[in-house]
Ligand code: GTQ
């Protein structure tokens with residue numbers, strides 16, 4: 001490839017004259033902005049073992065009362081991006097949030113979209129847009145952009161969940177802000193919304209569903225049953241995977257990040273093709289070896305890892321006699337909407 005001129009090839013007086021006018025020559029940076037064949041990625045394959053997070057999160061519970069935190073979260077930061085940037089990948093923020101019995105994380109709404117993947121504990125709930133959603137291990141709770149949400153806990157043991165937000169992207173767009181609100185009046189108790197089951201909707205008005213986000217809670221019991229059902233009917237030539245979608249439109253559940261659940265049959269191993277979006281992998285049940293960009297992680301329940309885009313992902317169910325289940329978050333809706341989605 002043609003060697004391009006460097007900044008140091010230019011006389012200092014010329015560089016100073018450019019800078020004075022807020023001008024920059026392109027050619028010294030052209031190859032790093034548009035590298036050959038494959039993008040440069042700062043996202044480093046990284047694993048965050050739950051056994052390491054949990055004691056530090058419980059310490060945060062003792063050190064910082066909820067009133068002093070609003071959201072008591074340890075952020076899973078990618079060292080390749082720099083810890084201070086608090087991002088797992090270009091568009092994905094991950095946090096492990098702790099709520100202790102009796103605590104309340106007050107109502108607010110913000111521009112970034114969030115979801116919660118419940119990791120541990122019973123008795124907590126999130127109220128989203130007046131709908132009180134119970135939180136149990138493996139449940140996926142949506143808090144889409146602009147919707148009021150608050151968290152509470154009526155149980156007796158700590159509750160922990162994984163927050164997944166598109167905060168890094170929205171922040172990069174200079175569009176990230178929040179608004180605080182009063183405690184919400186609950187209009188729908190215990191997550192029993194009319195959209196609680198995919199495929200059956202209230203007849204009245206179903207063609208013009210008022211809500212852009214008709215389904216806010218995806219119970220793990222139902223997701224797991226869907227995976228097991230698919231495993232029975234799908235030939236065993238690849239892992240069984242489902243995508244969390246908006247039941248009214250069939251589109252991705254949220255606009256920017258995609259969410260999926262994957263089941264590996266007992267002992268199953270596979271390689272997923274290299275895809276352009278970065279991704280996050282979280283073990284809901286079982287034990288899985290995840291391999292990405294030359295790194296291998298032995299992941300047990302509640303462990304989380306991430307991978308940059310454009311690399312193949314190897315998965316190996318370490319249980320020989322039981323299935324394993326993963327929750328996946330990725331940047332695929334964003335890549336598809338931007339027209340940059342690729343599989344290699
Ligand atoms: O629970 O609303 O991890 O607003 C980061 C920002 C959680 C939340 C986070 C948030 C929340």
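General remarks:
- Relative to the longest principal axis of the Cα atoms of the chain, helix 50-63 runs at roughly 80 degrees.
- Among 240, 188, 179: highest mean-square fluctuation, GNM of the chain, C-alpha pairs under 10 Å: 179
- Each of the peptides 60-68, 277-285 was scored by the mean count of other Cβ atoms within 10 Å over its residues; in descending order, highest first, they stand as 277-285, 60-68.
- Nearest-ten-degree value, helix 220-233 long axis tilted from longest Cα axis of the chain: 80 degrees
- Between residue 83 and residue 289, the C-beta separation translates, for a Förster distance of 30 Å, into a calculated FRET efficiency of about 0.70.
- Relative contact order [Cα under 8 Å, 6+ residues apart], the chain, whole percent: 16 percent
- A Gaussian network model of the chain, with springs between Cα atoms under 10 Å, assigns the largest mean-square fluctuation among 142, 23, 262 to 23.
- If the convex hull is drawn through the Cα atoms of segment 252-344, its volume per residue in Å³: 81 Å³
- Unit Cα scatterers, Debye sum, the chain: log10 I(q)/I(0) for q = 0.16 Å⁻¹: -1.49
- Translational diffusion coefficient (Stokes-Einstein; Kirkwood radius from C-alpha pairs) of segment 113-158 at 37 °C, 0.692 mPa s, in µm²/s: 305 µm²/s
- Relative contact order for segment 34-100: 33 percent, from Cα pairs under 8 Å spaced at least 6 residues apart, divided by residue count.
- Among 159, 290, 24: highest mean-square fluctuation, GNM of the chain, C-alpha pairs under 10 Å: 24
- Label-to-label distance for residue 63 and residue 3 is 5.1 nm, based on points extended 7 Å past Cα in the beta-carbon direction.
- Equivalent ellipsoid dimensions for segment 10-49 as semi-axes, Å, which come from the Cα gyration tensor, largest first: 34, 14, 7
- In the chain, the DSSP-assigned H stretches of four residues or longer account for a calculated mean residue ellipticity at 222 nm of -4500 deg cm²/dmol, using -39500 (n - 2.57) per stretch and the full residue count as denominator.
- Across segment 104-184, the relative contact order, built from alpha-carbon pairs under 8 Å that are at least six residues apart, equals 45 percent.
- Inter-part distance where segment 306-328 and segment 224-264 are each reduced to a Cα centre, Å: 15 Å
Coordinate-derived values only; no laboratory data. Everything numeric in this text was worked out from a predicted model, so none of it was measured. Backbone-built Cβ (ideal geometry, glycine too); neighbour counts: all protein chains shown.
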